[in-house]
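Data block below; observations after.
Derivation of every value follows stated rules applied to the coordinates shown; laboratory data play no part. From a predicted model like this one, the values you see are computed outputs, not experimental measurements. Here the Cβ is made from the backbone with ideal geometry for all residues, glycine too, and neighbour counts use every protein chain on show.
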Amino acid sequence: MNLDSKIASGPLSTKWDAHKAKLRLVNPANRRKYHIIVVGSGLAGAAAASSLGEQGYDVSCFCYQDSPRRAHSIAAQGGINAAKNYQNDGDSVRRLFQDTIKGGDYRAREANVYRLAQLSTAIIDQCVAQGVPFAREYGGLLANRSFGGAQVSRTFYARGQTGQQLLLGAYSSLSRQIGAGTVKMYPRHEMLDLVLVGGHAKGIVTRNLVTGEVRTWSADCVVLCTGGYGNVFYLSTNAQGCNVSATYRSYRRGALFANPCYTQIHPTCIPVHGDDQSKLTLMSESLRNDGRVWVPKNTADSGKDPAQVAETDRDYFLERKYPSYGNLAPRDIASRAAKEACDEGRGVGPEVGGRRLGVYLDFSASIQRLGESVVRERYGNLFDMYENITGENAYRRPMRIYPAVHYTMGGLWVDYNLQSNIPGLFVGGEANFSDHGANRLGASALMQGLADGYFVLPYTVADYLAGVGLSGRPSVEGVEYRDVLAQVNDRVNRLLKNQGKQTARSYHKQLGKIIWDECGMARTRAGLTKAISDIRGLREDFWKNISVPGTGLDVTPELERAGRVADFLEFGELMCRDALIREESCGGHFRTEYQVDGEAKRDDARFAHVAAWQWAGETAEPIRHEEALVYEEAQLSTRSYK
Amino acid sequence: MVKDNHSHSAEHVLNLRLRVWRQRRGQPGAFEEHALQGVSTSASFLEMMDMLNEKLVRDGKEPFAFDHDCREGICGMCSMTINGMPHGPLPGVTTCQLHMRNFRDGETITVEPWRARAFPVLRDLMVDRSGFDKVIQSGGFISIRAGSAPEANATPVPKDVSDAAMDAAECIGCGACVASCKNGSAMLFVGAKVTHLNLLPQGQPERDRRVLAMVRTMDDAGFGNCTNQGECQAHCPKGITLDVISHLNRDYLGARVKAFFSSTGKVRRGGD
Ligand SMILES: Cc1cc2nc3c(=O)[nH]c(=O)nc-3n(C[C@H](O)[C@H](O)[C@H](O)COP(=O)(O)OP(=O)(O)OC[C@H]3O[C@@H](n4cnc5c(N)ncnc54)[C@H](O)[C@@H]3O)c2cc1C
Ligand code: SF4
Ligand code: FES
């Protein structure tokens, strides 16, 4: 298969303009005759649906929540990057590009990243015009802060709720279009499959989560903005409903899945409290601006009250190992360092399952320097959230944090147009693989979701539509639709009729443990090989012993969960396979066999490429394709934060 | 499981009796009673509900349906009335943020859906809140087309104005305000959005039509009138205060007055 990334020629800084100038347009009078399906109403989906609606297309937008305003983008706390250089501290489009490419450990496509950096400034303009109440200085101008992995202040934020405010902005634009009738919104609808006609994406199958109705929809093209697959780990900072189903089912229909093993483990989450835990809560990375990370130097001190551990007996391990970035070292590096400290027996907090998995994030120095009220103003809501969950007061004693899965850089393969290898199937936001390489820098996912939705997809989708013309939309009565519908119904019925005794959650937990242990922060050949066979065993067991009470003709939460877990049980294997074959360490993918002095050892000669997987059927092994990463401007160097 | 450590908040287990609402769409509902043992005080309320549901599924019974997603207090999806109080007894938190350390061993806990005319029950603890979306669709936005925005710093916004707008913008659209109001009024929710947008310079051009349209849609969606009881503010998990209702009333009145004079005064060109 030829993976053509369709990157325009010419210098990086003019590629997007040159490319845009060549994209075809659709006559305004014809736009309403094109039906576009957008699945997802997060930053990427809401921005794409509203922008396409504003242009006059007939758009249908789907989400599984009861309202588009609840997509998981809402949970982002820290902020959004943009190369505005309002701080006059040396930022520029080029610097944001370089930071993002380096942060991604040279495993992202250069042209996409450059475009992202270019579009970043227009995003801030757009959001401010929508009424997003970003933090401001006393002079009334926008405020910034610095974020992990960057040495300039380019992050815009709205208290600790940046994602909420950006999403509510996108939701308000989407709502305006729904009110105007250009977008029809279908909340509480879950996409269960993709329909191809003549090799093009021409529709989807959904289940109405209230009535249970399973039905097909036809369209001129399909845009997937369905978010990331972090819930393959069971415990993650994702919302309960986040799933891989929309992208995985599309993969089974022929879309390539790129770099599934690239997942991000965020260093600052609240540690696990016990067996009944259902999710992990992120503490914004911005806390690392004023908190110092430490563990006791001696294992004997790990069970002690932190106040009893003398200053000289504390190991501020990030400051020690990475003096120039210190507590602001990038996420993958900070996470791994925390894991190592705990593996050495120096972890803190209560024992869970016989181990102490936590490190301190200590604000006492900042409180002394700035006063409690300043710290409260900066992080009050986060401290409250922490106290609410743990019952502990972080002004009085250090917070306890531990890494947790947070973001997935892998996703469906897309070209420069954000179109997958299936014509007419576009993918935006966290669901695609495009911009973050092997590791994402803080505050850049919001930027990517909105760049895709507001400023890339509206152009590239139009180009596709102009190309296929108006005769392109097949009837939903066609055999292609009926076939996929029958297959979806079979699967739903198989789940409902199974006479097992086990719950979907119990399988999800077991899968999560395998993935966390073997495909988490440190991966080995032996572990991944075992994980693949364990997951297969678990999958067989699932289909024998799963129990899904209910008729499916009504609200049936167990059916939703079982369907999602069934897809994770297949996808988890693909992830481990990708991790097994990538015999190097890069970004969030750390293979213990490939390291120098405890740091990741990339192998550019063998692995400076995107791995894109093709489904080959139920029994055959998937096929791995490669898209070489060609760097015109960035200098591949060892990523050092020391 | 978790071994207690003297220096951390102590964990215990609770045995509970639960009275949980069962209902199918369009049919009358009733409470079902269940005993649940061994609930950790570190667990969240929804994790406790998960335990109950897991038990039901293992027994081949249907679990209770409830809305939830982020489980960190921001998506606004979770919506349980716990012991008669929307989002439970703790002020300033959503159902998903409520932890079991706030309950006593042996306690009976009553769990119901939001109770409001404008929020019909879809199943068990799940209600239909689409009325909120309709209100936003009618005017809860600033009309800005992607691509047409001016430079972000071109219009300075005084920090206090921006902060006040942010205070109002923190509303998560959960509907606890409606559920706690004996009239089922949505004034806190609508007031929060009107205040957020009408405070900002960017929101000025559509200030009047926004408030008129949103109030009209709110009335059409079946929400009740506000009689200043203040229960909404007491149960709002995001600290939205009655000030937003005053703001809404002021803007509404102003817009009505202007609409009155413009309809009797000059002929309007272009319409709206
Ligand atoms: C706790 C947390 C904090 C974060 N903080 C930051 C931050 O500070 N800065 C930053 O840049 N990034 C941050 N991120 C990452 C960022 O928020 C996400 O990557 C980004 O918001 C994803 O947006 P999205 O539009 O791709 O997907 P989402 O917002 O996840 O939206 C997915 C949409 O798809 C729909 N959907 C999914 N599956 C289906 C299906 N099968 N059928 C129908 N609909 C479906 C959902 O209903 C939803 O509408 C954070 C992430 C988390 C979890
Ligand atoms: S005003 Fe408060 S209670 Fe009402 S919807 Fe908003 S957050 Fe919920
Ligand atoms: S589940 Fe999102 S606010 Fe409670």
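Roughly how crowded by other chains is peptide A:156-168, in terms of the mean Cβ count from those chains within 10 Å of each of its Cβ atoms? Numbers along the way, then the final one.
Details: counts 1, 0, 5, 5, 1, 6, 0, 1, 8, 4, 0, 2, 10.
Partner-chain Cβ atoms within 10 Å, mean over residues of A:156-168: 3.
Take every Cα pair under 8 Å in the range A:273-415 that's 6+ residues apart, average their separations, divide by the length, and report that relative contact order as a whole percent.
Dividing the mean separation by the residue count of the range A:273-415 yields 26 percent.
Quick one: net charge of A:Ile101's neighbours, Cβ under 14 Å, K/R +1, D/E -1?
Values: positive: A:Arg94, A:Arg95, A:Lys102, A:Arg107, A:Arg109, A:Arg115, A:Arg440, A:Arg602, A:Arg639; negative: A:Asp99, A:Asp105, A:Glu110, A:Asp435, A:Asp604, A:Glu632, A:Glu633.
Once all neighbours under 14 Å are counted, the net charge is +2.
Which one of B:Ser148, B:Val20, B:Pro89 has its Cα pushed farthest toward the positive end of the charge dipole of chain B, where Lys and Arg give +1 and Asp and Glu give -1 at the Cβ?
Among B:Ser148, B:Val20, B:Pro89, the one farthest towards the positive end of the dipole of chain B is B:Ser148.
In percent, what relative contact order does the range B:147-272 have, based on Cα pairs under 8 Å that are 6 or more apart in sequence?
Result for the range B:147-272 is 31 percent.
Towards the positive end of the charge dipole of the protein assembly as shown, with charges on Cβ (+1 Lys, Arg; -1 Asp, Glu), say which of A:Leu425, A:Cys61, A:Gly550 has the farthest Cα.
My answer, from the dipole projection, is A:Cys61.
Report the calculated FRET efficiency for B:Arg25 and B:Asp243 (r = Cβ-Cβ distance, R0 = 35 Å), to the nearest 0.05.
0.40
Assign one of three labels to the range A:265-406, namely rounded, prolate or oblate, based on the Cα gyration tensor with a ≥ b ≥ c the square roots of its eigenvalues; rounded applies when a/c is under 1.5, prolate when it is not and a/b is larger than b/c, and oblate otherwise.
Rounded, because the longest to shortest axis ratio a/c is under 1.5.
Within chain A, which is the longest segment containing none of the GluC sites (Glu not before Pro) that sit in a DSSP loop and have at most 14 other Cβ atoms within 10 Å?
By the stated rule (loop sites, at most 14 other Cβ atoms within 10 Å), A:1-136.
How far, in nm, would the chain grow between B:Asn15 and B:Arg250 when pulled straight, counting 0.36 nm per residue and subtracting the alpha carbon separation?
The span from B:Asn15 to B:Arg250 would gain 79.6 nm if fully extended.
In debye, nearest 20: dipole of chain A around its Cα centre with unit charges on the Cβ of K, R (+) and D, E (-)? Intermediate values should be presented prior to the final figure.
Working: 77 positive and 71 negative charges, 118 e Å.
Using only the charged Cβ atoms, the result is roughly 560 debye.
What 222 nm value per residue comes from the helices of chain A, counting each DSSP H run with n ≥ 4 as -39,500 (n - 2.57) and dividing by all residues, nearest 500 deg cm²/dmol?
Per the formula, -11500 deg cm²/dmol.
Using the per-residue mean of other Cβ atoms lying within 10 Å as a proxy for protection, in what order, highest first, do the peptides B:58-69, A:452-463, B:105-116, B:128-139 fall?
Answer by packing, highest mean first, reads A:452-463, B:128-139, B:58-69, B:105-116.
Given the pairs A:Lys297/A:Lys321; A:Lys339/A:Lys601; A:Lys304/A:Lys642, which span a C-alpha to C-alpha distance of over 23 angstrom in this model? Present the calculation step by step, with values, prior to reporting the outcome.
Working: A:Lys297/A:Lys321 14 Å; A:Lys339/A:Lys601 18 Å; A:Lys304/A:Lys642 30 Å.
The answer is A:Lys304/A:Lys642.
Magnitude of the Cβ-charge dipole of the range B:129-260, K/R +1 and D/E -1, about the Cα centre, nearest 20 debye?
Magnitude of the dipole: close to 340 debye.
For the pair A:Thr551 and B:Asp59, how long in nm is the line joining their label points, each one 7 Å along Cα→Cβ?
Inter-label distance under the simple model: 2.2 nm.
Any idea which of B:Ile172, B:Ala221, B:Leu188 is furthest toward the positive side of the dipole for the range B:129-260, if Lys and Arg beta-carbons carry +1 and Asp and Glu beta-carbons -1?
B:Ala221
Output needed: percent of Cα pairs per 10 Å distance bin for the range A:487-628, bins running from 0 to the one holding the longest distance.
For the range A:487-628, the pair-distance distribution reads 11, 34, 30, 17, 7, 1.
Calculate how large, on average over all directions, the projected area of the Cα convex hull of chain B is; give the answer in nm² to one decimal.
Numbers: hull surface 78.9 nm².
Mean projected area for chain B: 19.7 nm², to one decimal.
Once you sort the root eigenvalues of the Cα gyration tensor of the range A:411-566 as a ≥ b ≥ c, which label holds: rounded (a/c under 1.5), prolate (a/b larger than b/c) or oblate (the other case)? Can you show the working numbers first?
On the way: a/c = 2.40, a/b = 1.25, b/c = 1.92.
Oblate, because a/c is 1.5 or more while a/b does not exceed b/c.
Over every pair of different alpha-carbon atoms in the range A:555-642, take the mean of 1/r and invert it; report that Kirkwood radius in Å.
15.8 Å
Output the peptides B:198-209, A:55-66 sorted from most to least packed, where packing is the average of other Cβ atoms within 10 Å over each peptide's residues.
The packing order, highest mean first, is A:55-66, B:198-209.
Within 10 Å of each Cβ in B:229-238, how many Cβ atoms from other chains are there, averaged over the peptide?
0
List the residues of the range B:199-234 whose backbone N lies under 20 Å from a point placed 7 Å from the Cα of B:Ser262 along the Cα-to-Cβ direction.
B:199-218
Kirkwood Rh over alpha-carbon pairs of the range B:129-260, then Stokes-Einstein at 25 °C and 0.890 mPa s: what D in µm² s⁻¹, rounded to an integer?
Estimated diffusion coefficient is 162 µm²/s.
Alpha carbon centre of the range B:142-220 versus the range A:507-571: separation in Å?
43 Å
Inside 10 Å of the C-beta atoms of B:41-50, what's the mean count of C-beta atoms belonging to other chains? All intermediate terms of the calculation are to be shown ahead of the outcome.
On the way: counts 2, 9, 6, 8, 0, 3, 7, 1, 1, 6.
Going residue by residue through B:41-50 and averaging, the value is 4.
Viscosity 1.567 mPa s, temperature 4 °C: give me the Stokes-Einstein translational D for chain A in µm²/s, with Rh taken as the Kirkwood radius over C-alpha pairs.
Answer from the Stokes-Einstein relation: 52 µm²/s.
For chain B, what's the relative contact order in percent, using C-alpha pairs closer than 8 Å and at least 6 residues apart?
18 percent
Determine the sum of side-chain charges near A:Tyr171: Lys and Arg each +1, Asp and Glu each -1, restricted to other residues whose C-beta is under 12 angstrom from that of A:Tyr171.
Taking every other residue near A:Tyr171 into account, the sum is +3.
Sorted by mean Cβ packing within 10 Å, highest first, what order do the peptides A:272-278, B:92-98 take?
On the way: A:272-278: 18.1, B:92-98: 23.9.
Ranking the peptides A:272-278, B:92-98 by packing returns B:92-98, A:272-278.
Note the per residue figure in Å³ for the convex hull of the C-alpha positions in the range B:13-123.
Value for the range B:13-123: 105 Å³ per residue.
Rounded, prolate or oblate: which fits the range A:175-318, taking a ≥ b ≥ c as square roots of the Cα gyration tensor eigenvalues, rounded meaning a/c under 1.5, else prolate when a/b beats b/c? It would help to have the intermediate numbers written out before the result.
Numbers: a/c = 3.02, a/b = 2.67, b/c = 1.13.
Prolate, because a/c is 1.5 or more and a/b exceeds b/c.
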